[in-house]
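Structure first, commentary second.
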Amino acid sequence: MNYCFDSSFMTDTSWRLSCLSLRLEINKLNMLCSKFSDAYDFSPATFKVNAQQMENSRTSKNIESGLTRYAQIYHRCKGGLMDLTFDFILKNEDDVVSDTLMVDSIFEAHTSIDVVGVTGQKQFWKAIKAIVKCPKCVELKLPREGAAFCTQDCFKASWGTHKSVHLKAKLASVGSSKPWELNVASPSDGWLYCLRKGQSRTAQTPHFDWTGGTLCRPLRPYPISKKRVVPAGIELPDWALDGNPKIEPISDLQHVVEIKSPEMIERMRETNRIAREVLDAGARAVRPGVTTDEIDAVVHEATIAAGAYPSPLNYHFFPKSCCTSVNEVICHGIPDGRKLEDGDIVNIDVSIYYKGVHGDLNETYFVGNVDEASQQLVKCTYECLEKAIAIVKPGVRFREIGEIINRHATMSGFSVVKSYCGHGIGELFHCAPNIPHYARNKAVGVMKAGQTFTIEPMINAGVWRDRMWPDGWTAVTADGKRSAQFEHTLLVTETGVEVLTARLPTSPKVFPWLD
């Protein structure tokens, strides 16, 4: 099927149509009579049907009534644009199609449109519209100049350069000059999507059966920036250069809970205090319009300013210096170009390496005005951690922590994530003991003075199950509902517990229940 347009326009104020010829070749439609293609007499403004030539055709009645009634060519030449409205029989005598084609001035140069392999009227019109107008340009309501293409192949061949028009339009609409904040990769600036747990990057948006967000506010991965630089002179963990922890996986401390020496405990106190100060710096940056990458930059700079190394950076190839988990992200969210929005919740997880030991803590913060349900979720999670810390002392079984947390969460109508647990910490980032946060867990061992470990409950508004994003790190709730988390590093003392990452008098006042 071939449509040829030959149109030129008068430039006077009347905008009159001086010439229009529309030739239809329908030889391949064998369900219509062979004389069908000769049945039209085109004039500048009317579409006439020569019924006499088609009196032997079983479709003549339908053609005569359908085309003469609906297939009037009317024109609106303002701006070099015409609307061509006509009916056309594609399949049988009772199957009349009606639609409107928007034809741009691109057709002024005897442009031909070839439609090959199109079957059925819906597919036909879909193909025609895709050829005539770039759908993204239509969505963005861009000027018609430059948005029309002669064929589908022409459109595909031009896409590499044409798509920049869409990006410029988006940037102009939001007043931003940063493509990654609009979820557009920018390879020239090093902003790419993360894949394979940080071991590869791509400029293509990852495909996934996304679970969360809403129709107007979906949560999706955004491009991430280049790896941040750690200056010389800062002590590095053994994974800093190649991404592979070497001592940790084979250490006996994966099976035996270490009793820290007084000297190591002092180093742990100092390191965890710095970690708290770093987290507080990140918390002060939380507000609508700030990207999680910008929060990561704050955390990174605060860490290296203290002479410490951000433990997550390149740990098993994790690409950033902290974790930022927004809304339905349970944990290990990768800081990226997405701007925080009013009503979000965001968890910032900070870990640092200083003087040979690690410190680890996290908190969940409100972004702007947050709904009541999310506030209750965050408060409940905070209370779960506080109640668990309250039972820590020598002689208590590690498994009891999960019972306490699970009881409070379920009574509040929430669920406890079972896939991720607290852990021992010291010279190793992760080691024994394992601290499950759910009931009826299999944790072994009892608490003893000198042990250090984290408790970090993850509480979900819906089901406890999780899914993994294509980046290999970001764990999200299976049902897309929100999740919150709090974490402290603890030291078991002779009489109870010391919270090494406790809030300081200078910590930002961000939780209403603490005021």
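For this structure, a couple of remarks:
- Restricted to the stretch 254-272, and to residues there that are within 20 Å of V350 (Cα to Cα) and among the basic types (K, R), the residue that is farthest from the chain's Cα centre (by Cα) is R267.
- If the condition is being open to solvent by 20 Å² or more (accessible area, probe 1.4 Å) and either in contact with a strand residue (DSSP E or B) (Cβ under 9 Å, 6 or more places away or on another chain) or under 24 Å from V278 (Cα atoms) (or both), then the stretch 473-499 contributes W473, A478, D479, K481, R482, V497, E498, V499.
The rows are residues; the columns are (1) open to solvent by less than 10 Å² (accessible area, probe 1.4 Å); (2) outside any loop (DSSP other than H, G, I, E, B); (3) free of Cβ contacts under 8 Å to residues at least 60 places away in the same chain.
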{"residue": "I304", "(1), (2), (3)": "no, yes, no"}
{"residue": "K320", "(1), (2), (3)": "yes, no, no"}
{"residue": "G337", "(1), (2), (3)": "yes, no, no"}
{"residue": "E341", "(1), (2), (3)": "no, no, no"}
{"residue": "V346", "(1), (2), (3)": "yes, yes, no"}
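- Pairing each residue of the stretch 224-237 that is of a type in the set (S, T, Y) with any residue that is open to solvent by less than 90 Å² (accessible area, probe 1.4 Å), provided the two are 6+ apart or on different chains, yields C-beta distances under 7 Å for S225/G190; S225/W191; S225/D293.
- Considering only residues in the stretch 414-428 that are in contact with a Cys (Cβ under 7 Å, 6 or more places away or on another chain) and open to solvent by 20 Å² or more (accessible area, probe 1.4 Å), the one that is farthest from I401 (Cα to Cα) turns out to be F414.
- Pairs meeting the criteria (first residue in the stretch 278-295 and within 27 Å of P505 (Cβ to Cβ) and among the aromatic types (F, W, Y), second residue part of a loop (DSSP other than H, G, I, E, B) and open to solvent by less than 20 Å² (accessible area, probe 1.4 Å), beta carbons under 9 Å, at least 6 apart or on different chains) are lacking.
- Near pairs, Cβ below 8 angstrom, 6+ apart or cross-chain, from the stretch 429-443 (within 20 Å of S311 (Cα to Cα) and open to solvent by 20 Å² or more (accessible area, probe 1.4 Å)) to any residue that is part of a loop (DSSP other than H, G, I, E, B) and at pLDDT 95 or above: N434/F398; N434/C421; N434/A443
The values are calculated or read from the model by the stated rules, or taken from the named source; none is laboratory data. Because the structure is a prediction, the values reported are computed rather than measured. Heads up, the Cβs are rebuilt from the backbone with ideal geometry, glycines too, and the neighbour counts pull from every protein chain shown. Only protein heavy atoms, including side chains, enter the accessible area calculation; ligands, DNA and RNA are left aside. Shrake-Rupley method; radii C 1.70, N 1.55, O 1.52, S 1.80 Å.
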